[in-house]
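Have a look at the structure below, then the notes.
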Amino acid sequence: MSAAPAAGARETFPLPNPDAGARTPARPGQQPSATRSTSAGGLCERLRARLRRGGSRTGLFVLNAGTGRVLCRKDSRNRRALASNMKLFTTATALSRFGVDERIATRVFAVGRLDGLGTLHGSLYLKGGGDPALGSPAFYDAFMGGLGTNLFTLTKRIRAAGIRRVEGRLFADDTVFDRLRGVADSGYRTSPYIGPLSGLSFNSGYRDSSARHFATDPGRVAATKLARSLRAHGVAVKTRVALGETPESAALLVAVVRSPRMGRLVNATDVYSNNFFAEMLLKNVGAHFGGGGSTAAGAAEVERFARAHGSAVHAVDGSGLTVTNRASPAEIGRLLQSMREEDVGGDFVRALAVAGREGTVADRMRGSAAQGRCRTKTGTLIGVSNLSGYCFNRSGKVMVFSILMSGVSNLYRAHLQQDRMAALIAGY
């Protein structure tokens with residue numbers, strides 16, 4: 001159910017991504033060797049030896065998912081910076097709360113009287129639902145592997161409602177979320193790694209499909225694009241738009257477009273470590289299940305979800321960009337184990353990148369026992385490198401693992417140790 005480029009393809013990102021360039025580089029002539037079967041007695045000793053080589057402050061947790069037996073741990077209760085391992089908590093919450101088949105709606109409402117000649121004596125409201133994939137085909141075909149919601153589908157649906165002229169104007173309604181554009185790491189402003197976040201986003205916050213410049217006000221951009229499309233298709237409407245909250249008591253729904261399924265959005269978030277998607281999903285969680293469409297409300301709900309599943313996390317944002325997102329290897333492992341028992345558990349597992357084949361681990365663990373057998377989530381910040389997930393070994397065992405490394409001075413070395421540890425786990 002891969003939601004972006006096919007397995008084995010290099011990911012394309014509209015946003016710079018700390019994980020995207022964080023693959024283990026291959027040395028000339030070097031190929032990872034296949035890992036021999038590892039006994040239970042020697043597994044933990046070998047894992048701990050490699051863990052020590054990855055960073056100065058490290059932790060490890062390995063669990064046999066079938067029996068619940070912990071096979072290895074090292075400083076597994078000490079919380080460390082999560083980096084993009086935070087997305088495991090965010091996407092687990094979103095997938096469980098919304099369900100796999102949920103689609104986020106973007107709607108157009110008419111306020112006023114529509115006469116027999118097709119003139120709306122009033123205004124249109126473009127009401128965002130917080131869809132992270134809303135945009136133009138030119139953008140999402142180029143940068144998202146075709147995963148997107150076509151804003152311009154609304155044009156033909158507005159025409160199908162009989163509207164040919166709008167005496168008022170088109171308003172952009174982004175009020176499902178607050179208007180903080182980033183996360184704590186950037187002082188809640190747009191940063192090179194994310195944003196601008198909006199309840200009515202377009203092309204992941206970029207001004208156009210070239211993905212060169214961020215928009216100042218994504219809602220206005222979306223509404224302007226729709227207004228121009230309407231004019232190009234014979235609907236007379238002002239292209240100078242405004243912000244405004246939909247007066248729903250007097251509004252008539254005239255058009256709606258829905259996002260890809262939640263399962264596909266989560267897949268794109270985890271496989272390609274998409275920061276923008278993660279933060280938009282977090283705000284959606286807050287808007288629908290928490291105290292409002294904010295990062296803080298979404299993070300609080302993620303923390304509640306983790307506690308209810310025998311885990312815990314200190315959540316500050318949804319993507320892991322802020323270094324104070326923290327959990328222990330054991331807490332990650334407990335979350336991963338618990339998710340296997342959820343109705344959406346299979347979809348959650350399949351949303352993680354296959355080692356050696358796709359996403360942020362497309363070029364890692366190739367030629368080892370982990371290739372094609374481990375589904376993983378990477379995490380990279382300055383001085384931080386993490387790898388967590390599931391391994392499915394040849395004997396039918398399912399292994400849950402979390403490797404958290406801080407104090408990392410050499411990213412290549414950290415990746416090398418993580419990849420060899422994953423191979424040992426897969427070969428157990």
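The values are calculated or read from the model by the stated rules, or taken from the named source; none is laboratory data. Quantities reported herein were computed from a predicted structural model and do not represent experimental measurements. Note that each Cβ is placed from the backbone with ideal geometry, even for glycine, and that neighbours are counted across all protein chains shown. The protein model used for the area step is the full one, side chains on, heavy atoms only, and it has no ligands, DNA or RNA in it. Shrake-Rupley method; radii C 1.70, N 1.55, O 1.52, S 1.80 Å.
Close amide H contacts of S76 (hydrogens built in the peptide plane, cut-off under 5 Å, sequence separation of 5 or more or a different chain): L60. Helix 218-232 and the long axis of the chain differ in direction by around 50°, with both axes built from C-alpha atoms.
The residues neighbouring E245, those whose beta-carbon lies less than 12 Å from its own, together hold a net charge of -2 under the Lys/Arg +1, Asp/Glu -1 convention.
Arrange the peptides 241-254, 274-287, 393-406 so that the one whose residues have, on average, the most other Cβ atoms within 10 Å appears first. Present the calculation step by step, with values, prior to reporting the outcome.
Details: 241-254: 15.6, 274-287: 28.2, 393-406: 21.1.
Descending mean neighbour count gives 274-287, 393-406, 241-254.
Sorted by mean Cβ packing within 10 Å, highest first, what order do the peptides 144-153, 127-136, 263-272 take? Spell out each step's value before the answer.
Values: 144-153: 19.9, 127-136: 25.3, 263-272: 27.4.
Result, highest mean Cβ count within 10 Å first: 263-272, 127-136, 144-153.
Computed from label points 7 Å out along Cα-Cβ, the spacing between R304 and L243 is 2.8 nm.
Under the classification rounded if a/c is under 1.5, otherwise prolate if a/b is larger than b/c and oblate if not, where does the range 323-428 fall, given a ≥ b ≥ c as square roots of the Cα gyration tensor eigenvalues? Present the calculation step by step, with values, prior to reporting the outcome.
Numbers: a/c = 1.75, a/b = 1.18, b/c = 1.49.
Note, shape of the range 323-428 comes out oblate.
In the chain, Cα pairs under 8 Å separated by at least six residues give a relative contact order of 27 percent. Charge dipole (Cα centre; +1 on Lys/Arg Cβ, -1 on Asp/Glu Cβ; no other charges) of the chain amounts to roughly 1040 debye.
So what is the relative contact order for the range 105-241, in percent, with contacts set as C-alpha pairs under 8 Å and at least six apart? It would help to have the intermediate numbers written out before the result.
On the way: 301 pairs, mean separation 35.5, N = 137.
RCO, the range 105-241: 26 percent.
Site pair K156 and S395 shows an inter-label distance of 5.6 nm when each label is modelled 7 Å from Cα along Cα→Cβ. For the chain, with all protein chains in place and a probe radius of 1.4 Å, 46% of the accessible heavy-atom surface sits on carbon or sulfur.
Given an 8 Å cut-off on Cα distances and at least 6 residues of separation, report the relative contact order of the range 180-249 as a percent. Before the final figure, lay out each step's value.
Numbers: 82 pairs, mean separation 13.0, N = 70.
Relative contact order here is 19 percent.
Helix 275-289 and the longest principal axis of the Cα set of the chain meet at an angle near 70°. Here the Karplus relation 6.51 cos²θ - 1.76 cosθ + 1.60, evaluated at θ = phi - 60°, turns the backbone of the range 73-89 into coupling constants of 8, 8, 6, 6, 9, 7, 6, 9, 4, 8, 6, 6, 5, 4, 4, 4, 5 Hz, with x for every Gly and Pro. Against the main long axis of the alpha-carbon atoms of the chain, helix 262-271 sits at an angle near 50°.
Just the accessible area per residue of the chain, please: how many Å² with a 1.4 Å probe?
Ligands and nucleic acids excluded, the figure is 37 Å² per residue.
Residue by residue, the range 245-257 carries 3J(HN,Hα) couplings of 7, 5, x, 5, 5, 10, 9, 10, 6, 10, 7, 8, 9 Hz when phi is fed to the Karplus relation 6.51 cos²θ - 1.76 cosθ + 1.60 (θ = phi - 60°); x denotes Gly or Pro.
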